[in-house]
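Novice: After the structure tokens below, expect a handful of questions from me.
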Amino acid sequence: MESLFAIAIGILTAAAVYMFLARDLPRVLIGFIMLGTAVNMLILAAGRIGSIVPALVAGNESALTAAAANPLPQALILTAIVIGFGLAAFALMLIVKSQRILGTVMPEEMQEAEGDVAPQALPAPAPARRKDAA
Amino acid sequence: MQILLVAPLLIPLCTAALTAILWSRPDLQRPLGLAGAWLLLGSAVALLSAAWEHGPLVGQMGGWAAPYGITLVIDLFSAIMLVITGLMAVAVAIYAMGPGAVERDKAGFQPLFHSLILGVAGAFSTGDIFNLYVWFEVMLIASFGLLVLDRTREQIDGGLRYVALNLVGTLFFLMAVGLLYGLTGTLNLADIARVAPDIENQGALAAVGVLLLIAFGAKAAVFPIFNWLPAAYHTASMPVAAIFAALLTKVGVYAIIRVFTLIFAHDAAFFGPIVGVIAMATMVTGVLGAASHYDVRRILSFHIISQIGYMLVGVALMTPLAIAGSVLYVVHHIIVKANLFLIAGAMRQEGGSFALRRLGGLWAAKPILGLLFLVPALSLAGLPPLSGFWGKFAVIRAGLEAEAYVLAGVALAVGLLTLYSMIKIWNEAFWKMKPEAAKSIPWTRRERVATYAPILALAALTLTIGLWTEPFAALSLAAAEELLDRQGYIQAVLGSVQTAGLPGGAE
């Protein structure tokens, strides 16, 4: 089971890195989400995969039975999913804004923040829609 | 005690919540935000005096005993960082009442600002590595919002660069936390530190250390992952840039110092040289970047990177003097760098621009601004008797004592180049003849007071640290000794030894 997990995490990470190398931002964002999934699986694996008994304390007991699954990684992953979702949502909104305001989602075409020429001296690039976003 | 321990978290949380409720009433948000900042400073000072008297303060949240629940630990280093956070919160809250306040507050500056402070204070208070991750994210989300507050073209571009690298840095951190849990079976920093030297697979632990170094290094903007900082900081509005410059990178530095003195101290022979090389490369690239730029904000942004290198020297050498130097340097740098950004905002008001080519004649027009600029600028370059001199003195002397001559030499040379950049700003903005086009931006008396008051206060503080160094140096040394006393920290948090374990796992 562990080796299967390791292979899956490896494939997801490789795919994520491939997406990071893309030139447009939506793909980078998808890469981020995939890497996040890989990391979550890694946390689950780090907490040892074994029992699949739900980590629930029965009403008349005060502690988990020894056979239960490790609940801590699940709690960590839940937190990480929530945070990752928030970050991804913000990043997606920023990319949408970028498409609307700058007219592009390709970092190479953005010259606003780091161009040597003062921004107001640049002719405003036409906010043309890019269809060939590959 | 418990209530004092959580005060630095509760106060910004309540302030952020209240200012968010008063969304449509910016006029009420402003005094509320300022009151929250003052309260935070007060509680942090109380914590510092308590930590000075009683040693590390420890609180178990929700009454769960140490390795299981979330622990808050405030030792001297944390308390110092909290005080400086409170100080910056007050300074920037006042400064934010200056020009542009109305637009900023309408866009939601106050709730985001206090959320940022919440994240920073949480990162300084926690004694749990997963909790540290959560506070990093609180800080990160708030900083995203603050960075693109005005929604200009420049900010969207800078914001994307900032977001992209920080998202990846975040995942590195999370990955390291997961692997560390897999190795040690615990998330409590003190418990990890207790278990770490006895782990069989030291190679895997070192790999986790490198992952953490990358994750925190990305936040601290060290070489070679600093590119996001000069791409983004100068696009933010001035109060935002000042609070970013003061606190964000320093949280990364704090995390590096905390984790590497506590968890990886037994492996210092492996990490020391790595951090040393990173520190030198960071100093040099930062200062060279600054030398090549002609926008005040961009010069200052690159200098943040350069100065981060000095702060890492403590981790590279691991001697009490070196770590004390790092602590003193962090304190000095936060005050000075925030002040320089505040002054850059004032220069734009008085001279009409951030670009050095369009500035000029400010010394003739505004001699007081010139004097106020000289204090932090010369302090940044490390001229005696200002605060930067003592920080650099401690760091370089520690380098010489540890026979790290290259490190000490680079630190000295970078100081000279820093002076070059500061003199460049001085020559261009203050001494040069006023260019035809340069025009001051009109502002009200109120805005002027709000801008100059924090600048004046921070400059006075820089002078105080410089001329009356004794107590600050003693505090830094005590903090450094506490940082190096791992057993003391573990004892304070865990008390009698308890263990958390993995099912069928490492324990």
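The values are calculated or read from the model by the stated rules, or taken from the named source; none is laboratory data. Everything numeric in this text was worked out from a predicted model, so none of it was measured. Here the Cβ is made from the backbone with ideal geometry for all residues, glycine too, and neighbour counts use every protein chain on show. Quick note on the areas: whole protein, heavy atoms, side chains included, nothing else; ligands and nucleic acids left out. Shrake-Rupley method; radii C 1.70, N 1.55, O 1.52, S 1.80 Å.
Novice: With unit charges on the beta carbon (Lys/Arg positive, Asp/Glu negative), name the residue among B:Tyr181, B:Phe144, B:Ile156 whose Cα is farthest towards the positive pole of the charge dipole of the stretch B:133-221.
Specialist: Going by the charge dipole, the pick is B:Ile156.
Novice: When only Cα pairs under 8 Å and 6 or more residues apart are kept, what is the percent relative contact order across the stretch B:16-94? Working shown, then result.
Specialist: Working: 77 pairs, mean separation 27.5, N = 79.
RCO, the stretch B:16-94: 35 percent.
Novice: What is the stretch B:232-290 by shape, rounded, prolate or oblate, if you read a ≥ b ≥ c off the alpha carbon gyration tensor as root eigenvalues and call it rounded for a/c under 1.5, prolate for a/b larger than b/c, and oblate otherwise?
Specialist: Taking the square roots of the gyration eigenvalues as a ≥ b ≥ c, the stretch B:232-290 is oblate.
Novice: If you bin every alpha carbon distance in the stretch B:28-118 into 10 Å steps from zero, what whole percent lands in each bin?
Specialist: All Cα pairs, binned at 10 Å, distribute as 17, 36, 28, 15, 4 percent.
Novice: Could you please state how large a percent of the accessible area of the stretch B:149-287 is carbon and sulfur, counting protein chains only and using a 1.4 Å probe?
Specialist: Carbon and sulfur: 69 percent of the exposed surface of the stretch B:149-287.
Novice: Tell me the total accessible area that A and B bury against each other, 1.4 angstrom probe, in square angstrom rounded to 100.
Specialist: The A and B chains share an interface burying roughly 3500 Å².
Novice: Right, here's the next one. Relative contact order of the stretch B:25-173, please, whole-number percent, based on alpha carbon pairs below 8 angstrom and at least 6 residues apart. Walk me through the intermediate numbers first.
Specialist: On the way: 156 pairs, mean separation 33.5, N = 149.
It rounds to 22 percent for the stretch B:25-173.
Novice: Same structure again: For the stretch B:95-211, I need the span (max minus min coordinate) of the C-alpha atoms along each principal axis, in Å, sorted largest to smallest.
Specialist: Largest to smallest, the principal-axis extents are 58, 27, 16 Å.
Novice: Moving on. For the protein assembly as shown, with every protein chain kept in place, what is the accessible area per residue (1.4 Å probe, Å²)?
Specialist: Computed with neighbouring chains in place, this is 39 Å² per residue.
Novice: Taking θ = phi - 60°, what integer Hz values does the Karplus form 6.51 cos²θ - 1.76 cosθ + 1.60 yield along the stretch A:103-109, in sequence order, with x for Gly and Pro?
Specialist: With coefficients 6.51, -1.76 and 1.60, one gets x, 7, 10, 9, x, 5, 8 Hz.
Novice: Round to the nearest 0.05 the FRET efficiency obtained for B:Phe393 and A:Ser62 when R0 = 45 Å and r is the Cβ-Cβ distance.
Specialist: E between B:Phe393 and A:Ser62, to the nearest 0.05, is 0.20.
Novice: With unit charges on the beta carbon (Lys/Arg positive, Asp/Glu negative), name the residue among A:Leu56, A:Asn70, B:Ala408 whose Cα is farthest towards the positive pole of the charge dipole of the protein assembly as shown.
Specialist: B:Ala408
Novice: Hey, rough spin-label estimate for A:Ile52 and A:Ala14, points 7 angstrom out along Cα→Cβ, what's it come to in nanometres?
Specialist: Computed distance between label sites A:Ile52 and A:Ala14 equals 2.7 nm.
Novice: Give, rounded to the nearest 20 debye, the magnitude of the charge dipole that the stretch B:2-500 has about its Cα centre when Lys and Arg contribute +1 at Cβ and Asp and Glu contribute -1 at Cβ.
Specialist: Values: 28 positive and 25 negative charges, 388 e Å.
Dipole magnitude for the stretch B:2-500 comes out near 1860 debye.
Novice: Mean projection of the alpha-carbon convex hull of the stretch B:290-375 over all orientations, in nm²?
Specialist: That works out to 6.0 nm².
Novice: Please list, in order along the stretch B:234-247, the HN-Hα scalar couplings obtained from phi with the Karplus expression 6.51 cos²θ - 1.76 cosθ + 1.60 (θ = phi - 60°), rounded to whole Hz, x for Gly and Pro.
Specialist: 6, 7, 5, 5, 4, x, 5, 4, 5, 6, 4, 4, 6, 10
Novice: Let me ask something else about it. Apply 1/(1 + (r/R0)^6) to the Cβ-Cβ distance of B:Gln2 and B:Glu436, taking R0 = 56 Å, and write down the FRET efficiency to the nearest 0.05.
Specialist: Between B:Gln2 and B:Glu436 the formula returns 0.35.
Novice: Additional query: Can you give me the convex hull volume of the Cα atoms of the stretch B:2-500, divided per residue and expressed in Å³? Display every interim value, and only then the final one.
Specialist: Numbers: hull volume 61.6 nm³, N = 499.
Dividing the Cα hull volume of the stretch B:2-500 by its residues yields 124 Å³.
Novice: For the stretch B:43-99 and the stretch A:23-68, compute the distance between their C-alpha centroids and round to whole Å.
Specialist: One Cα centre to the other: 32 Å.
Novice: Give, rounded to the nearest 20 debye, the magnitude of the charge dipole that the protein assembly as shown has about its Cα centre when Lys and Arg contribute +1 at Cβ and Asp and Glu contribute -1 at Cβ.
Specialist: That gives the protein assembly as shown a dipole magnitude of about 2140 debye.
Novice: OK, next. Choose one of A:Phe90, B:Ala479, B:Tyr254: the residue whose Cα lies farthest towards the positive end of the charge dipole of the protein assembly as shown (beta-carbon charges +1 Lys, Arg; -1 Asp, Glu; about the Cα centre).
Specialist: Value computed over the given set: A:Phe90.
Novice: A follow-up question, please. Given the convex hull over the Cα atoms of the protein assembly as shown, what projected area results after averaging over all orientations, in nm²? Walk me through the numbers before you get to the answer.
Specialist: Working: hull surface 114.9 nm².
For the protein assembly as shown, the mean projected area of the Cα convex hull comes to 28.7 nm².
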